[in-house]
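Input: a single structure, listed below in structure tokens.
Taken together, the values in this text are just the output of simple stated rules run on the coordinates, not laboratory data. As the structure is a prediction and not an experimental result, all values here were calculated from the model. With ideal geometry, Cβ positions are generated from the backbone for all residues, glycine too; neighbour counts draw on all protein chains shown.
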Number of protein chains: 6
Amino acid sequence: MIYLTRIEHFNAAHRLFNAQWSEEKNVEVFGKCANKNYHGHNYKLYVTVKGTPNIETGFIVNAKILGRLIEEKIIEQIDHKNLNIDVPFMQNKFTSVENVIVAIWNELEQPIADLGSQLHKLKLEETPNIFAEYYG
Amino acid sequence: MIYLTRIEHFNAAHRLFNAQWSEEKNVEVFGKCANKNYHGHNYKLYVTVKGTPNIETGFIVNAKILGRLIEEKIIEQIDHKNLNIDVPFMQNKFTSVENVIVAIWNELEQPIADLGSQLHKLKLEETPNIFAEYYG
Amino acid sequence: MIYLTRIEHFNAAHRLFNAQWSEEKNVEVFGKCANKNYHGHNYKLYVTVKGTPNIETGFIVNAKILGRLIEEKIIEQIDHKNLNIDVPFMQNKFTSVENVIVAIWNELEQPIADLGSQLHKLKLEETPNIFAEYYG
Amino acid sequence: MIYLTRIEHFNAAHRLFNAQWSEEKNVEVFGKCANKNYHGHNYKLYVTVKGTPNIETGFIVNAKILGRLIEEKIIEQIDHKNLNIDVPFMQNKFTSVENVIVAIWNELEQPIADLGSQLHKLKLEETPNIFAEYYG
Amino acid sequence: MIYLTRIEHFNAAHRLFNAQWSEEKNVEVFGKCANKNYHGHNYKLYVTVKGTPNIETGFIVNAKILGRLIEEKIIEQIDHKNLNIDVPFMQNKFTSVENVIVAIWNELEQPIADLGSQLHKLKLEETPNIFAEYYG
Amino acid sequence: MIYLTRIEHFNAAHRLFNAQWSEEKNVEVFGKCANKNYHGHNYKLYVTVKGTPNIETGFIVNAKILGRLIEEKIIEQIDHKNLNIDVPFMQNKFTSVENVIVAIWNELEQPIADLGSQLHKLKLEETPNIFAEYYG
């Protein structure tokens, strides 16, 4: 079994905020991440698929085709967007990096299976000092 | 003459938008950067001062004190904020990386002079592939 | 299960040295790492916790609180220190990156459990070309 | 169990090409990677061994000795070479990153066992955006 | 005056070789860089333009348009190519990083002037440890 | 005129300390950098030479020969050493990054001139967030 990872980038605004809570409680829990006019990040997304190399190509997946799929399913929906407002697959969800990574998994798992490959892992960097990982 | 650089980070939301223009013209010129609900970045700010080493310390500037000054004058104003709305020194300015770097220079030049040092250069990275530099 | 990683930094001096051995044997095994007046590194520490997102916050752990705990339990003890002399949790241990990572695990495991979270993995970079990983 | 990783670098030319296929099919599948006069990369190789620390050294493996072994078995064979022509352990193989990582594993597994250590994982970065991982 | 830099990437094969010299002299001067079947690199190109911000956009240059121009004039000619054989603007030149950067300058200077901007500097990284800079 | 930069690394221990001052004043000015048992860093040294390409090689300097010279004059003296005790060219100097960069310049300027090249600039990174630059 070999694991192949392709990295993509997107830039997005968001805020951490629980609408059930008072402004004070939001600030207490989320700190400056609760800023009402949003802040933002350069996100870095690692998509890892697994498989065995095809004997005609040496590939477990054609990275160009994988890249186009990530572009269509994720980057076009999320890049230069507001995660709290604009992104179909983030509707009614807190935009913590934990929730974003699960939502991206749900968008990618079936389309990657349809390519004949298998999604193994996602990694999502929010800042140079914070990242999440998810295996489904 | 020796140049000493201290790097700081901030995360902010912004959009590129000219209120004098139609929505169509904004999208034509600014593309997805015009998204009305904002997007955002992890900005990386390089502050370079110049001078000759103090004979009692070997420092051209005490980097801890420089760090505190940048924190107070810039990071507290801009980190986890919306550049188009929340930042006092960006009021009524387009939030291009070129304009942000000039505005930061104007905030830092005098306070650094008051430390007995001299601001030489700023560098501001907006994404891994775009940065601005300014010498006043 | 989601994995969240927070990265922290510390700078420390150390030497590799077995007091039971002759100087010659120390140099033979440890090379320039045995230098008697020490050398040092910018260490980069990755702390990974695992869990499922809290439904009120979207967090598996509040990264601010995790950061404060790492600061108190590790960074304050080890940053700008000599690993062979100054660090309580490294007393009487060789200061190889393998031993440092195990000692940090032992300091963090219970306090992270007390937060209601679970330490999953540590990664410790000693140089740009050497790092250790540990899962307890 | 502790995991120790040493990173090495090599620069090589290659092309992706299936000699059984027409030029058109090669371009269709491999795109610009099929360029007949080759292109190339700065590869970054992560070699991870696992074990428990030796009580006399604190090491799971002496990283200097591991480095020399990787240098002799891999870097001298592959650095500043053409993967399709010059490298003994790549003869008659497609030079996809998936195939290169498996071939490097086969060269390193036994010699690392002969050091009394155990190869756990390889990671091979081909570009800043593509890497493979292999556990044997 | 503000300086704006856009970074682009290309992967290419090359060899260092003086056809006037014996094989021995080539190896003596160029070492493993003279390998007859080529080696290669992931090059990283920094294109810096200078100017004052346009009052309608805040831009000294539209980075999207600059990016398209670099793509057309440089990346399409040089990416996934052999610098010694395939690249029109490198014909009959040694492919040292010094020569490549001057050749890229000559391709970009006029087209950037035609955009109403001014090329200030190029930086070209050949490996993580070697780069060239050129100001025309 | 073309500028070529070669990057080298060294790891060293040091402390910031003025022996004329009380312990309290040292801590007040230098903070944790004054720790009496030292701390340390992974330093990254950028050596930039300038010139015009040789018509027989395309080089402004042979980077292999430049690398050997930096190794001999600097790295062998300073790597895995204590800057306050072990390094001949740092005797009786504060080991601030400003002083270290000037001392390295003084060691390299003449030997690089003897190669027929010209030292243009040094850059010395002490941590990921602090670096010095010097032009002689």
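Things to note:
- For trypsin sites (Lys or Arg not before Pro), the sites in segment C:14-70 that DSSP calls loop and that have at most 14 other Cβ atoms within 10 Å are C:LYS36.
- Candidates F:ASN106, F:ASN37, F:ASN82, ranked by Gaussian network fluctuation over chain F, Cα under 10 Å, top entry: F:ASN37
- With both residues required to sit in the protein assembly as shown, DSSP beta bridges show an antiparallel share near 95%.
- Residue with peak Gaussian network fluctuation, chain B [Cα springs, cutoff 10 Å], from B:ILE55, B:ILE78, B:ILE101: B:ILE55
- Qualifying chymotrypsin sites (Phe, Trp or Tyr not before Pro) for segment C:54-136 [loop in DSSP, other Cβ within 10 Å: at most 13]: C:TYR135
- Relative contact order for chain A, counting Cα pairs under 8 Å that sit 6 or more residues apart, in percent: 30 percent
- Label points for E:LYS32 are taken 7 Å from Cα along Cα→Cβ. From this copy to the others they lie 2.0, 2.7, 4.0, 4.0, 4.6 nm apart, shortest first.
- For the rotation that carries chain A onto chain E, the axis lies closest to a Cβ at A:HIS9, 6, where the number is the distance in whole Å.
- Part-to-part distance (alpha-carbon centres) for segment D:64-132 and segment A:53-67, which is given in Å: 20 Å
- Cα gyration tensor shape of the protein assembly as shown, rounded if a/c is under 1.5, else prolate or oblate by comparing a/b with b/c: rounded
- In chain C, helices alone account for a calculated mean residue ellipticity at 222 nm of -7500 deg cm²/dmol, with every DSSP H run of four or more residues adding -39,500 (n - 2.57).
- Each Lys and Arg contributes +1 and each Asp and Glu -1, all at the Cβ; summed about the Cα centre of the protein assembly as shown, the dipole is approximately 0 debye.
- Each of B:THR127, B:LEU4, B:ILE74 was placed along the dipole of chain B (beta-carbon charges, centred on the mean Cα), and the one lying farthest toward the positive end is B:THR127.
- Taking Cα atoms only, the orientation of helix C:97-114 departs from the longest principal axis of chain C by about 30 degrees.
- Distances in nm from B:TYR135 to the matching label points in the other copies, shortest first (labels 7 Å along Cα to Cβ): 0.7, 0.7, 5.4, 5.4, 5.4
- Loop GluC sites (Glu not before Pro), segment F:52-136, which have at most 14 other Cβ atoms in a 10 Å radius of their Cβ (DSSP): F:GLU56
- Charged-residue dipole, Cβ positions (Lys, Arg, Asp, Glu), chain B about Cα centre, Debye nearest 20: 140 debye
- Sorted from nearest, the other copies put their D:ILE85 label points 0.7, 5.4, 5.8, 5.8, 6.1 nm away, the label point being 7 Å from Cα in the direction of Cβ.
- GNM result for chain D, Cα springs below 10 Å: residue of D:GLN20, D:GLN77, D:GLN110 fluctuating most strongly: D:GLN20
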